[in-house]
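This report concerns only the one structure given below.
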Amino acid sequence: MKILITGSAGFIGFHAAREFLRRGWEVAGVDNFCDYYDVKLKRDRAALLAGTPRYTLREADICDLAAMQAAFAEEKPDAVLNLAAQPGVRYSITNPFAYQKTNVEGFLNILECCRHAPGRPKLVFASSSSVYGGNTKMPFEESDRVDSPVSLYAATKKADELMACTYSHLYGMQTIGLRFFTVYGAWYRPDMALSLFAGAMLDGRPLKVFNNGDMKRDFTYVDDIVDGIVRTVEADGLPAYDIFNIGNHRSERLMDVIEVLASALGVEPKLEMLPMQPGDVPATWASVEKLRRAVGYEPKTSIREGIPVFAKWYREYRGR
Ligand SMILES: NC(=O)c1ccc[n+]([C@@H]2O[C@H](COP(=O)([O-])OP(=O)(O)OC[C@H]3O[C@@H](n4cnc5c(N)ncnc54)[C@H](O)[C@@H]3O)[C@@H](O)[C@H]2O)c1
């Protein structure tokens, strides 16, 4: 079986590719190595996969329809995992068109390629907890209304869900969206709060703590996310179109997260309390019941186990 993974040099794509290879899949990676964050980190992840039997990497942009058509024609994937995206909530305030381009136009290209590919490969794609916007009913459930996104990033992820639903309806394709909740782990993205905190702690700089620390996040360890992705890709009998939360089902107080990270790094953090940022949401908490029932998803890793793994990797990678 062969899976085409877009965003394979990204944080989650790298971990997912590694796991699919370990399970005996052929993996065709696609990534454009965009410079939203340090390209060297993407190259280093890709280098760890390079040379693995059954793995190929194509440096291409999902917004380039001809390149994607060529990739699908050559690779003939049995399944597609779309992780390529312009991520980040805050960046969407200043760079709105990057989101329209990759998350809407690029995703439409992937839908079109799946539609015309022989055998209509199953498409699993990354959505986001951010679609829940400022919803206050906790935990977030897939049946909740998500019609009021508070960032353009969230709006484009919701658009992906709607476009996938339409393609499943019109062309009988299978499309499954996974709403990821704050994923973290080794080989992490440098733009995420945990990385920014770790960098500030090791430099002795104050941590920028938004909403005066009154934030809660469902932090999900990357191995749990990858387990849920693999189960979803490999599952038989899922509906033609569906959406699932994939989180840890524990909403952690930001101040507790800071404490666990500081203790893992062995430092006393300095804090700079700041107001809420536009586009951010005060809390996320995933109900994972639906994915548990559908594919047996069971997140295992608490922040007390996962954050030290991230901290160890962060310190080592920074010291290279
Ligand atoms: N990490 C999280 O906490 C989180 C939470 C919710 C949703 N997500 C979603 O999960 C997916 C993966 O996130 P990640 O954290 O691994 O991000 P990432 O930025 O590390 O990975 C995305 C990869 O896609 C590539 N890419 C971007 N635009 C592309 C394009 N036009 N063509 C080809 N490749 C392109 C990037 O170079 C990058 O390597 C994204 O869709 C993201 O929106 C992530």
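Enumerate the lysines that residue 76 could reach by cross-link, defined here as Cα to Cα under 24 Å, with residues fewer than 8 away along the same chain left out.
2, 122
What whole number of Å gives the distance from the Cα centroid of the range 126-149 to the Cα centroid of the range 243-261?
Here the two parts' Cα centres lie 16 Å apart.
For residue 241, what residues show an amide H to amide H distance below 5 Å, using hydrogens built from the backbone and excluding near sequence neighbours?
Under 5 Å from the amide H of residue 241: 175.
On full extension of the chain, what length is gained from residue 169 through residue 270, given 0.36 nm per residue of separation minus the C-alpha to C-alpha distance?
31.1 nm
Modelling each spin label as a point 7 Å along the Cα-to-Cβ direction, I'd like the residue 304/residue 320 distance in nm, to one decimal.
Going by the 7 Å Cα→Cβ label model, 3.2 nm.
Test of understanding: what is the full-extension gain from residue 137 to residue 34, defined as 0.36 nm times their sequence separation minus their Cα-Cα distance?
On the way: separation 103, 0.36 × 103 = 37.08 nm, distance 3.63 nm.
Extra length from residue 137 to residue 34 when fully extended: 33.4 nm.
Pop the C-beta distance of residue 289 and residue 120 into the FRET formula with R0 = 35 Å and round what comes out to the nearest 0.05. List each step's numbers first, then the result.
On the way: r = 29 Å, r/R0 = 0.83.
Efficiency for this residue pair is about 0.75.
With r as the distance between the Cβ atoms of residue 277 and residue 148 and R0 = 30 Å, compute the FRET efficiency 1/(1 + (r/R0)^6) and round to 0.05.
Result of the calculation: an efficiency of 0.95.
Among the aspartates and glutamates, which have Cα under 13 Å from the Cα of residue 216 when same-chain residues fewer than 8 positions away are ignored?
Correct list for residue 216: 252, 256, 280.
Can you tally the net charge around residue 307? Count Lys and Arg as +1, Asp and Glu as -1, for every other residue whose Cβ sits under 11 Å from the Cβ of residue 307. Mind showing how you got there, number by number?
Details: positive: 304, 312; negative: 252, 256, 259, 305.
It works out to a net charge of -2.
Non-local amide H neighbours of residue 248 (under 5 Å, H modeled in plane, Pro and chain starts lacking H): which ones?
So residue 248 has HN proximity to 286.
Give me the one-decimal Kirkwood hydrodynamic radius in Å for the chain, with the sum taken over alpha-carbon pairs.
Radius from the Kirkwood sum: 19.9 Å.
Give, in nm to one decimal, the length gained when the segment between residue 240 and residue 44 is fully stretched (0.36 nm per residue of separation minus the Cα-Cα distance).
66.9 nm
Enumerate the lysines that residue 157 could reach by cross-link, defined here as Cα to Cα under 17 Å, with residues fewer than 8 away along the same chain left out.
Within the straight-line cut-off, residue 157 pairs with 101.
Once you order the gyration tensor axes a ≥ b ≥ c over the Cα atoms, which shape class does the range 35-130 get: rounded for a/c under 1.5, otherwise prolate or oblate by comparing a/b with b/c?
Oblate.
Give the long-range amide H neighbours of residue 220: residues separated by 5 or more places, or on another chain, with amide H under 5 Å away, using H modelled in the peptide plane at 1.01 Å from N.
183, 184
Please report the net charge: other residues with Cβ closer than 11 Å to the Cβ of residue 31, K and R +1, D and E -1.
+2
Where a number appears in this text, it was derived from the coordinates with a stated rule and is not lab data. Keep in mind that this is a model prediction, so the values were computed, not measured. Don't worry about glycine lacking a Cβ; one is built from the backbone with ideal geometry, like all the others, and counts go over all protein chains shown.
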